[in-house]
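The values are calculated or read from the model by the stated rules, or taken from the named source; none is laboratory data. Please read all numbers here as calculations on a predicted model, not as lab measurements. Cβ placement follows ideal geometry from the backbone for every residue including glycine, while neighbour counts extend to all protein chains displayed.
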Amino acid sequence: MLTDLTLAEAHARLRAGEITAVELTQAHLDRIAALDPQVCAYLIVTGEQALEAAAQADRRRQQGEDAPLLGIPLAIKDVLVTQGVPTTCGSRILEGFIPPYTGTAVQRLFDAGAIMLGKTNTDEFAMGSSTENSGYCTTHNPWDLDRVPGGSSGGSAAAVAGHMALGALGTDTGGSVRQPAAFCGVSALKPSYGRISRYGLIAFASSLDQIGVFGRSVEDMALLMNVIAGHDPQDSTSIDAPVPDYVAALTGDIRGLRVGVPREYFVEGMQPEVEHAVRAAIEQFTALGAEIQEISLPHTSYGLPVYYLISAAEASSNLARFDGVRYGPRESQGAMWPTYKATRGHGFGAEVKRRIMLGTYALSAGYYDAYYLKAQKVRTLVKQDFDRAFESVDVILSPTTPTTAFRIGEKVDDPLQMYLSDVLTLPASLSGIAGVSVPCGFDADGMPIGLQITGAAFGEPTVLRAAHAYQQATDWHRQSPAL
């Protein structure tokens, strides 16, 4: 089936003229129509537009044109604005909002010939670890429809895992591409802060948010990164630095690579099968010629409270703009303040309200120094742990998550247990460094396990090279759910 191809395989067959973009796109739209009513990976499917774009891609190829992603159908997380196509952030407060422009990362995909299949489901404003916080539907894990796909980019992860897209864009604030990738058995990359433009990403926590990529292989991610990475003058946090060829970095050779294994990441309460699979992956790296050494990241335990203070404070500020005055639905109550309260009260879900209140409290007079400022200082200590570690190692290996995917509804009433799903991904986000998650095994229930590989800031080539070498030696990433 055409939907069983990886992005890299489809790319090669399109270039060879063995398939057309229309055939490839129609195959994915047919699979979405058949499976997505069960999975709910998509909030909106742009089928007509996708087929028009595919036909145009075929005409361009017939005329001798080529582009890096010409004819490749992809999914876009619904926190990235797309001109003329609704963007809701999974929230009722933006229901029906149609942006007047397209964000830089998405536009770069379009410029490279990619085709958008639709917008994927997300925890509301990307706040969540299970995609149960969406204002529209709960996304189901393609490996077990009774389990969560992870979050907040659960829709994108499920779309790729379910073969309903060749690749996807997501966002990662504290683990939101890596954690769902681990839960859904696909590959995902959170790039270094500033490597991909955030222009057109509706903000949750501006010092943490990054656009990330999903694929079924490391090569898929490298192809996407080659297109969307790079400086953007419209984003003041975008780094003006040369962009390497990520595909060329996939040499398959990691002999002599210095690999650190942090003792703090094998936490108490970790699912034994997760630790066993990751330990086996570490042994595979040894067999490939890597040099393994134990390291310490001593401030790891502070990552969770620091993240939830900083991200909530920034969310409180960023989400103040959603008031029903300029865009989105308005619940008119006559006077301004009653209208404002009704619109936000009914438009935001429970998790978003919880984080706005936590963030507002942390920023309030008399508490700013004790909470937000202290959290920023501890964030620096977390970053310094990584800085010291990367003086002696090239990459760090760890589990992506402490457990495999949990059941829908299992943690929805216990926010702390939900937040702990991201305990191993948060430190890298606080530090602004690069990290990937790739499949490395399954538990007794057949649920995927993720291996996290992190590298220094702007060390994506090394991280991808390590992940690719591992995938060349294993076939975990080639397993697919029996949907």
Legend entry - K383, sole failed condition from (1) at pLDDT 95 or above; (2) crowded, with 19+ Cβ neighbours inside 10 Å: (2)
Legend entry - Checking S296 against (1) more than 30 Å from V378 (Cβ to Cβ); (2) touching a Lys or Arg at 6+ places or on another chain (Cβ under 9 Å); (3) surrounded by fewer than 16 Cβ atoms within 10 Å (Cβ to Cβ), the condition it does not meet: (1)
Inset, instruction - Look through the range 85-117, keep the residues that are in contact with a Ser or Thr (Cβ under 9 Å, 6 or more places away or on another chain) and small (G, A, S), and return whichever of them is farthest from E331 (Cα to Cα). - result: A105
Legend entry - Subset of the range 398-433 [farther than 17 Å from Q271 by Cβ and hydrophobic (A, V, I, L, M, F, W, C)]: I408, V412, L416, L426, A428, L430, I433
Inset, instruction - Among the residues of the range 457-483, count how many are under 16 Å from A161 (Cα atoms) and touching a strand residue (DSSP E or B) at 6+ places or on another chain (Cβ under 6 Å). - result: 2
Inset, instruction - Return the only residue of S398, S429 being at pLDDT 95 or above, not hydrophobic (A, V, I, L, M, F, W, C) and not in a strand (DSSP E or B). - result: S429
Inset, instruction - Test T120 against the criterion of being polar (S, T, N, Q), within 28 Å of D4 (Cβ to Cβ) and surrounded by fewer than 24 Cβ atoms within 10 Å (Cβ to Cβ), and give yes or no. - result: no
Inset, instruction - Taking the options S152, S129, S134, name whichever one is in contact with an Asp or Glu (Cβ under 7 Å, 6 or more places away or on another chain), touching a residue at least 24 places away in the same chain (Cβ under 8 Å) and farther than 17 Å from D422 by Cβ. - result: S134
Inset, instruction - Go through (1) part of a loop (DSSP other than H, G, I, E, B); (2) over 30 Å from E23 (Cα atoms) and name the single condition F125 misses. - result: (1)
Legend entry - Total residues in the range 143-186, condition of a type in the set (D, E) and surrounded by fewer than 24 Cβ atoms within 10 Å (Cβ to Cβ): 2
Inset, instruction - Hey, could you check the range 118-133 for residues that are touching a Ser or Thr at 6+ places or on another chain (Cβ under 6 Å) and of a type in the set (S, T, N, Q) and say which is nearest to E52 (Cα to Cα)? - result: T120
Legend entry - From the options Q417, Q452, residue that is under 25 Å from A277 (Cβ atoms), in contact with a Lys or Arg (Cβ under 7 Å, 6 or more places away or on another chain) and free of Cβ contacts under 8 Å to residues at least 12 places away in the same chain: Q417
Inset, instruction - Give me a count of the residues in the range 233-258 that are of a type in the set (S, T, Y), over 17 Å from S206 (Cβ atoms) and either more than 22 Å from the chain's Cα centre (by Cα) or surrounded by fewer than 16 Cβ atoms within 10 Å (Cβ to Cβ) (or both). - result: 1
Legend entry - Residues of the range 168-188 classified as at negative phi and either out of contact with any Lys or Arg (no Cβ under 8 Å at 6 or more places or on another chain) or of a type in the set (S, T, Y) (or both), total: 10
Legend entry - Residue satisfying all of: in the range 358-377; aliphatic (A, V, I, L, M) and under 25 Å from the mean Cα position of the chain (by Cα); surrounded by the fewest Cβ atoms within 10 Å (Cβ to Cβ) among these: L358
Inset, instruction - Considering only the range 318-328, state which residues are closer than 11 Å to R344 by Cβ, in contact (Cβ under 8 Å) with a residue 60 or more places away in the chain and part of a loop (DSSP other than H, G, I, E, B). - result: F322, G324, G328
Inset, instruction - Test D445 against the criterion of being farther than 22 Å from H299 by Cβ, part of a loop (DSSP other than H, G, I, E, B), without any contact (Cβ under 8 Å) to a residue 60 or more places away in the chain and not basic (K, R), and give yes or no. - result: no
Legend entry - Restricting the range 439-472 to residues that are in contact with a helix residue (DSSP H, G or I) (Cβ under 6 Å, 6 or more places away or on another chain) and small (G, A, S), the residue that is surrounded by the fewest Cβ atoms within 10 Å (Cβ to Cβ): G441
Legend entry - Filtered residue count, the range 404-422, keeping only those that are surrounded by 20 or more Cβ atoms within 10 Å (Cβ to Cβ), at pLDDT 95 or above and either of a type outside the set (S, T, N, Q) or within 29 Å of D387 (Cβ to Cβ) (or both): 3
Legend entry - Failed criterion for A50 (all others in (1) at pLDDT below 95; (2) under 26 Å from G151 (Cβ atoms) hold): (1)
Legend entry - Residue within the range 361-369 that is among the aliphatic types (A, V, I, L, M), out of contact with any strand residue (DSSP E or B) (no Cβ under 8 Å at 6 or more places or on another chain) and in contact (Cβ under 8 Å) with a residue 40 or more places away in the chain present: yes
